[in-house]
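Structure first, then comments.
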Amino acid sequence: MRLATRIIASLLALCCLSTGLALSQNKESASWKEDGKLVDAVGYIGDGQIGKAGKLLEEILKADPNNDAAWYYLGMCGLYSRDVKGAQDAFKKASSLDPSNYWYKDRLAMAYSMTGEDDLTIATYEELLKEYPKKNDIYFTLVNLYLKQNQFDKAIAAMDQIEAAFGQNENVTVTKYDILLRQNKPAEALKVLENYNKEYSSPYVLAKLGDHSLAEYKDTAALAYYREAVELQGDYIPAILGEAEVWRIRRNYGGYFKSLRRFIEDDQTDSNAKTQYLGMLLQRSEPRFIQNYQSSIDSLYDYLTLHHPADSNVLKPAGMYYYATERTEKGKALIRQNMVKNPGSLDAAATYIQLLGYQSDWDALIPAVDSALARFPKEPGLYEMKNVALYNKKDWQGIINNSLKIIEIAPNDTSVTIPALANIGDMYHEMGMEKEAFDCYKKVLKANPDYSPTLNNFAYYLSLKGKSLKKACAMSKKTIDKEPDNSTYLDTYGWILHLLGKDQEAKAVFKRAMIYGGKESATCMDHYAEVLEALGENDLAKVYRTQAANKRSEGKE
């Protein structure tokens with residue numbers, strides 16, 4: 001046991017013993033020996049040695065079964081060790097030995113609530129309230145429990161008791177208002193707010209009055225309440241946003257954006273709340289509104305980034321906004337700024353890298369990935385993004401090297417190593433190293449016999465050689481059984497069927513491929529045309545030959 005912790009825990013226990021906080025005031029004096037054990041047990045609890053504390057408390061209770069404090073601390077041991085039922089029994093025993101002790105019943109109620117026994121929890125707190133009518137936290141606990149069981153009248157009655165005992169306050173008032181609304185009593189709810197507002201000044205209540213008026217289409221009254229709230233507290237954001245909503249409804253967009261600027265420039269408001277509001281504004285607005293007031297929306301995002309120049313919650317959505325509204329360079333600059341200002345954020349780096357990928361800026365993407373890998377050297381996704389860039393630059397050896405690094409950083413993760421090994425095989429094939437490619441494919445399929453990308457590629461490359469067609473057909477069949485709507489896999493399977501002389505079957509497969517994306521591939525349409533020609537359907541074959549030629553002119557194989 002750490003000495004300092006032990007001393008503090010022991011002092012606390014001695015205070016409890018001397019003041020009678022957790023000990024019964026009615027029980028006879030225990031021996032100094034038993035008191036010393038109790039102090040030790042409390043010390044063990046404070047030090048987290050719950051097992052030792054429990055054993056010591058059981059020794060005390062064996063000698064004195066009526067030691068209510070020992071039962072109480074045994075209950076606490078039960079809570080710490082998640083033996084909630086045992087805790088309930090111990091607290092119940094402590095309460096029966098000293099019915100006047102607040103803490104015994106409070107912890108018993110807590111233990112009941114942990115097992116969802118709401119009725120027993122409520123009954124225990126109601127009993128406590130009778131004995132301690134001035135403890136306002138009991139009232140609020142009961143209100144929450146009543147609301148959980150939809151006992152709205154009891155909840156209102158508890159709030160009335162709070163007001164009678166402690167006077168009116170804005171939190172009680174607004175809670176009563178919310179409860180009455182849940183009871184579908186809007187007139188009574190409004191009266192609660194109005195009565196409070198006659199005697200007290202509260203921006204919170206005034207904003208609620210504004211919201212209520214706005215919900216009833218009384219925008220003039222709502223505006224008056226919001227303005228009064230702002231007069232009381234100039235930076236009260238709920239009222240400022242309420243005011244903005246009135247201007248929006250009235251189509252006074254000058255006033256609307258002026259109010260929003262105050263919201264955006266408030267340094268006390270969470271940056272995420274600001275970006276979420278602007279995001280909702282964009283989502284609920286029609287494209288014409290965004291076009292007509294783009295400069296005003298731009299200003300809001302500019303103010304936002306000015307006030308939060310390094311905040312990822314701001315820079316990323318602001319960059320996305322400008323990118324989506326075709327100000328790509330400004331959007332790209334903000335997303336890059338996010339990455340630079342937040343070097344420890346993988347998301348910031350990945351977002352910038354993905355944007356470069358969307359722009360097909362492979363020359364910029366590769367150094368951006370290398371920079372990110374210096375900070376996140378074991379992130380497979382970054383290597384995969386680099387592979388995309390290397391593929392578009394036709395750097396087959398670069399992909400092989402990169403894929404070997406992926407295998408190196410996660411040698412036991414087959415979800416990473418198998419695709420990486422498959423990539424190596426594909427790159428060997430692109431480089432004309434057929435033996436090495438097929439060796440890689442065999443390793444992949446040994447590790448996962450159902451890995452579709454390799455089954456497809458291996459089968460197709462075998463078909464191009466005109467070798468092992470039955471083996472190729474079996475591999476290809478596996479892929480379409482698994483993904484029957486994959487046009488690439490259908491193309492491979494149909495082509496192999498054609499090579500095996502099964503043109504009627506091949507035709508059915510290619511018809512399905514045309515439905516599920518095959519018309520986007522010049523190779524697939526050429527294959528289909530050849531099957532149709534083999535079946536004597538030359539006119540239809542000519543149509544697909546023409547479409548294939550058009551696709552090739554677009555650069556799509």
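The values are calculated or read from the model by the stated rules, or taken from the named source; none is laboratory data. Computed from a predicted model, the values in this text were never measured in an experiment. Every residue, glycine as well, gets a Cβ built from its backbone with ideal geometry; the counts of neighbours run over all protein chains shown.
General remarks:
- Hits in the range 364-411 (condition: out of contact with any helix residue (DSSP H, G or I) (no Cβ under 6 Å at 6 or more places or on another chain), in a loop (DSSP other than H, G, I, E, B) and basic (Lys, Arg)): 394
- Unmet criterion (only one of (1) under 30 Å from residue 292 (Cα atoms); (2) at pLDDT below 95; (3) part of a helix (DSSP H, G or I)) for residue 326: (3)
- None of 203, 186 is in contact with a Pro (Cβ under 9 Å, 6 or more places away or on another chain) and either over 30 Å from residue 128 (Cβ atoms) or in contact (Cβ under 8 Å) with a residue 12 or more places away in the chain (or both) except 203.
- Test: residue in the range 353-362 that is under 30 Å from residue 427 (Cβ atoms) and free of Cβ contacts under 8 Å to residues at least 12 places away in the same chain: yes
- You will find that of 341, 446, 394, 435, the residue that is charged (D, E, K, R) and under 28 Å from the mean Cα position of the chain (by Cα) is 341 and no other.
- The set of residues in the range 307-318 that are more than 21 Å from the chain's Cα centre (by Cα) and more than 20 Å from residue 262 (Cβ to Cβ) contains only 310.
- Residues that are farther than 14 Å from residue 275 by Cβ and β-branched (Val, Ile, Thr) were ranked within the range 295-334; the one that is surrounded by the most Cβ atoms within 10 Å (Cβ to Cβ) is 325.
- Selection within the range 190-218 - surrounded by fewer than 21 Cβ atoms within 10 Å (Cβ to Cβ) and either over 37 Å from the mean Cα position of the chain (by Cα) or closer than 21 Å to residue 296 by Cβ (or both): 191, 194, 195, 197, 198, 199, 200, 201, 218
- Residue among 66, 144, 101 that is in contact (Cβ under 8 Å) with a residue 60 or more places away in the chain and out of contact with any Phe, Trp or Tyr (no Cβ under 7 Å at 6 or more places or on another chain): 101
- Taking the criterion of being more than 23 Å from residue 390 (Cα to Cα) and assigned to a helix (DSSP H, G or I), the residues of the range 336-363 that qualify are 337, 338, 340, 341.
- Residue pairs meeting the criteria (Cβ under 6 Å; at least 6 apart or on separate chains; first assigned to a helix (DSSP H, G or I), in the range 264-291; second basic (Lys, Arg)): 264/274
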